[in-house]
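K.L.:
The structure's right below; bear with me while I get my questions together.
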């Protein structure tokens, strides 16, 4: 079963901080390496989107089938636009061959001031 993109909750009234998301996925047994390669295919396109402030793919050090994605978007509209990109729709369609179960999503309100990352 492919992932289902979640319904995006509206920001709080007056919220001006970036729109942040943590998404957790679990790869099917034996498919984690292939899933990681598949996610990395779209990484640079995602990071190049004008509204993408941060987009990082993490793999659990102890549970190698577990992936955590951290995303920070300029605003809700930027994330909605991301969901409409052809490569995102293709990833969603492909995901069923790699993941087990559903995606767990956490919506975060950035309490601190956003500072661009360092290289």
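The values are calculated or read from the model by the stated rules, or taken from the named source; none is laboratory data. As the structure is a prediction and not an experimental result, all values here were calculated from the model. Cβ coordinates were reconstructed from backbone atoms using ideal geometry, including for glycine residues, and neighbour counts include every protein chain displayed.
K.L.:
Kindly evaluate residue 24 against the criterion of being in contact (Cβ under 8 Å) with a residue 60 or more places away in the chain, assigned to a strand (DSSP E or B) and loosely packed, with under 12 Cβ neighbours inside 10 Å. Break it down stepwise before answering.
P.N.:
Working: in contact (Cβ under 8 Å) with a residue 60 or more places away in the chain: yes; assigned to a strand (DSSP E or B): yes; loosely packed, with under 12 Cβ neighbours inside 10 Å: no.
So residue 24 does not fit the description; no.
K.L.:
With the structure loaded, tell me whether residue 12 is exposed (fewer than 12 other Cβ atoms within 10 Å of the Cβ) and in contact with a strand residue (DSSP E or B) (Cβ under 7 Å, 6 or more places away or on another chain) or whether it fails that test. Spell out how you get there, then give the answer.
P.N.:
Working: exposed (fewer than 12 other Cβ atoms within 10 Å of the Cβ): yes; in contact with a strand residue (DSSP E or B) (Cβ under 7 Å, 6 or more places away or on another chain): yes.
So residue 12 passes the test.
K.L.:
Please go through the stretch 27-40 and give me each residue that is surrounded by 13 or more Cβ atoms within 10 Å (Cβ to Cβ) and under 27 Å from residue 115 (Cα atoms), ordered by number.
P.N.:
Within the stretch 27-40, 39 is the sole residue that qualifies.
K.L.:
If you don't mind, there's one more thing I want to ask. Of the numbered conditions (1) surrounded by fewer than 16 Cβ atoms within 10 Å (Cβ to Cβ); (2) not in a helix (DSSP H, G or I), residue 45 satisfies every one except a single condition; which is it?
P.N.:
(2)
K.L.:
Here is a follow-up. Residues being touching a residue at least 60 places away in the same chain (Cβ under 8 Å), surrounded by 17 or more Cβ atoms within 10 Å (Cβ to Cβ) and not in a helix (DSSP H, G or I): count how many of those fall in the stretch 49-96.
P.N.:
Matching residues across the stretch 49-96 total 1.
Listed here are the residues, each with its yes/no results for (1) modelled with pLDDT of 95 or more; (2) under 20 Å from residue 111 (Cβ atoms); (3) touching a strand residue (DSSP E or B) at 6+ places or on another chain (Cβ under 9 Å).
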residue	(1), (2), (3)
3	no, no, yes
6	no, no, yes
19	no, yes, yes
31	yes, no, yes
34	yes, no, yes
62	yes, no, no
83	no, no, no
98	no, no, yes
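K.L.:
Also, quick follow-up: What is the one condition in (1) assigned to a helix (DSSP H, G or I); (2) within 29 Å of residue 113 (Cα to Cα); (3) over 12 Å from the mean Cα position of the chain (by Cα) that residue 17 does not satisfy?
P.N.:
Exception for residue 17: condition (1).
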